[in-house]
1. If I ask for residues that are under 25 Å from the mean Cα position of the chain (by Cα) and either outside any helix (DSSP H, G or I) or within 21 Å of LYS134 (Cα to Cα) (or both), which ones from segment 269-290 would you list?
2. Failed condition for THR95, given (1) within 15 Å of the chain's Cα centre (by Cα); (2) more than 30 Å from MET239 (Cβ to Cβ); (3) part of a helix (DSSP H, G or I), with all others met?
3. Got a sec? Which of THR376, THR394 is under 29 Å from VAL457 (Cα atoms), surrounded by fewer than 18 Cβ atoms within 10 Å (Cβ to Cβ) and among the hydroxyl-bearing types (Ser, Thr, Tyr)?
4. Find the residue count for segment 177-214, including only residues that are among the charged types (D, E, K, R), within 14 Å of PHE281 (Cβ to Cβ) and either in contact with a strand residue (DSSP E or B) (Cβ under 7 Å, 6 or more places away or on another chain) or free of Cβ contacts under 8 Å to residues at least 12 places away in the same chain (or both).
5. Cβ-Cβ below 8 Å, separation at least six or inter-chain, first residue in segment 80-91 and more than 21 Å from ASP105 (Cβ to Cβ), second among the charged types (D, E, K, R): which pairs?
6. Quick test of your reading of the structure: ASN237 fulfils all but one of (1) modelled with pLDDT under 90; (2) in a strand (DSSP E or B). Name the failing condition by number.
7. Can you report the number of residues in segment 248-265 which are part of a helix (DSSP H, G or I), surrounded by fewer than 24 Cβ atoms within 10 Å (Cβ to Cβ) and not acidic (Asp, Glu)?
Amino acid sequence: MLRTTIINAMKEVSKLNKFYITTAIPYVNAPPHVGHALEFLQTDTVARFQRSLGKDVFFLTGTDENAQKNVLAAEEKGIGVQELVDRNTEFFRKTIDNLGISYDDFIRTTDKKRHWTASQKLWNECLKSGDIYKKTYEGLYCVGCEAFLTEKDLVDGKCPEHLKPPEKIKEENYFFKLSKYQKKLEKLIESDQLKIIPETRKNEILSFIRSGLEDFSVSRPKERMKGWGIPVPNDENQMIYVWFDALINYLSGLGYGSENELFKKYWPADLHVIGKGIIRFHAVYWPAMLLSAGLPLPKSIFVHGYITTEGKKISKSLGNVIDPNDVVKKYGLDSFRYFMLREISPFDDGDFSEKALVERVNNELVANIGNFVYRTLSFMDRYFDGIVPAAKLTKEDKDLIKKIEAYSRIVKELLGKLELKEALQKILELSAHGNKYFQENKPWVLIKENRERCGTVIYTCTHLCRALSILLFPYLPGSCVRLWHQLNLSGRKEGNIWDSACSLSIEPGHKINKPEILFKKIDVNDIEEVEKNTEVKDMIPFKYFKKMEFRVGTVKEAEAVEESDKLIKMRVDFGDFQRQVVAGLTPYYKPEDLSGKQWVFITNLEHAKLMGIESEAMILAAVEGEHEKVVCLKPDKAVKNGTPIS
């Protein structure tokens, strides 16, 4: 008896630590677009965050394949419906994988073993409750929504979601007694027992419920569906309505109806992530179905907005689709993930723009976070042989450590409230504090004047790098794992690491791995064609000059490169950032000729290595006179470091 009690108690504790999260399952009448990508990325970010808290996360996604629109799409293409859904489902799978989504299972509604079993079981449970009945109905039907609409739903006689007039249909179907659950649903949502996020969507649904709920059709004639879909139990002439069967994926993905332990362990869902266009189905129809079947309700529904382009919703029906795979291929996964989660509010519509993507990535991800991490680790690698130095912390250092602790708490709280954009903004702020600390302490000066103090600065910055690798992980998992590897830290797992973000766990004497640039600047002008060789004689063709970023910088220090009769290595201050520059300027210049003076540099070239030394910019030079003397260009008068030259 005691043993049974202990086992049951352990199961309850285990269930408290679980987190079941789902995406909506998209129709597969066409391949995926960036609107789908937004939902996948938002859900993945939440799932990864919950894992980092030590939660036992189960993340379900999948595809909705029993829709009438799939039948129509297949007819248009002159192929079988199964062929269409198989092909497009594979597109979705590949897209999800290309986006780095950490899902645990992928459910297809054509899965007869899992999904058909679950759908027919839930149907029978609702039937037992007396909530399914048959009647003839005449109304307006939108194929895009796969739903009947009323006149008050229309705008200028058209569906506001798909901008097309609905069809007028009269047919005999089975109906679900939604009206029976009106008061119960209102109470559950009003009290947040079923929490709808954000509050505006909660109010929207409450208003809809209070206006009066009508019973809805839960089947379609087999003839209209061309036999495609899940048959109604004990009625071969009817197919289960796609919205009734699709919602059940959240149960079938856990093995509901087949005595699967996953269902016992993970249901109810902790969070459904959906788009605003399907909120009625998830916040009204779905909980009513569960109540009828005697099942627990999901805890929360997170409703996100749409991706727009030029202010219009991106959708297959409107023909303005952007393929996320193309964007990832062009700009890289980190850039795409960062932009989508940084630019788009979790709760409102947001516009997709490649120009905005480039600006966000270059000015924030590269110039802020990437710059801080690389300047810290490369400095340690260069001046401390990659070994974490000892530290004597001053108030200034402790203040930065306190910021790490404070921001870690804030980011955790914001992610817990699904404020993904705001949490990412706080991570950027923390990194900016790190850049400011680095810049004000000037380790490039301290290394010569006070090596002990310099070591403390680098020690403190190294811990911020570690914290960033944890805080950023839900957003950019690939880059954060690479940063963790550069820090040469072991035990990097998704489980229970969040609360260690602010710990000073890297001991002096710890050896880091070779630093590498995490985020590369996006060159919108495709300057890959430009010669990477920084030998002065290899002049850049004039047609590329308009694509270059010219900035004034002061050479803070310069020295000849040993074992080279040409190369000079310089540390250049550009105001907001510093760069190492290597150039073949001997015998035209000596290091002392360059040091302490302002010169013009090209700062947006891909970094190059000369004799194994990385060069992060190029000094601008010209050849003059019959003896082809090399002359480095300088500004006409002293200007602020970092000033662009047009």
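1. Passing the criteria: ALA269, ASP270, LEU271, HIS272, VAL273, ILE274, GLY275.
2. (2)
3. From the options THR376, THR394, the qualifying one is THR394.
4. Going through segment 177-214 one residue at a time, the tally reaches 1.
5. That search, which allows pairs on different chains as well, returns VAL81/LYS226; LEU84/LYS77.
6. ASN237 satisfies every listed condition except (1).
7. Of all residues in segment 248-265, those part of a helix (DSSP H, G or I) come to 249-252, 261-265.
From what's left, surrounded by fewer than 24 Cβ atoms within 10 Å (Cβ to Cβ): 261-265.
Now narrow it down to the ones that are not acidic (Asp, Glu): 262-265.
Residues in segment 248-265 being part of a helix (DSSP H, G or I), surrounded by fewer than 24 Cβ atoms within 10 Å (Cβ to Cβ) and not acidic (Asp, Glu): 4 in total.
To keep it simple, each residue is scored yes or no on (1) of a type in the set (D, E, K, R); (2) assigned to a helix (DSSP H, G or I); (3) modelled with pLDDT of 95 or more.
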| site | (1), (2), (3) |
| --- | --- |
| THR462 | no, yes, yes |
| GLY478 | no, yes, no |
| GLY491 | no, no, no |
| GLY495 | no, no, no |
| ASP499 | yes, yes, no |
| CYS502 | no, no, no |
| ILE522 | no, no, no |
| ASN533 | no, no, no |
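The values are calculated or read from the model by the stated rules, or taken from the named source; none is laboratory data. The structure presented is a predicted model; accordingly, all values stated were derived computationally and were not measured. For neighbour counting, all protein chains shown are included, and Cβ atoms are generated from backbone atoms with ideal geometry for every residue, glycine included.
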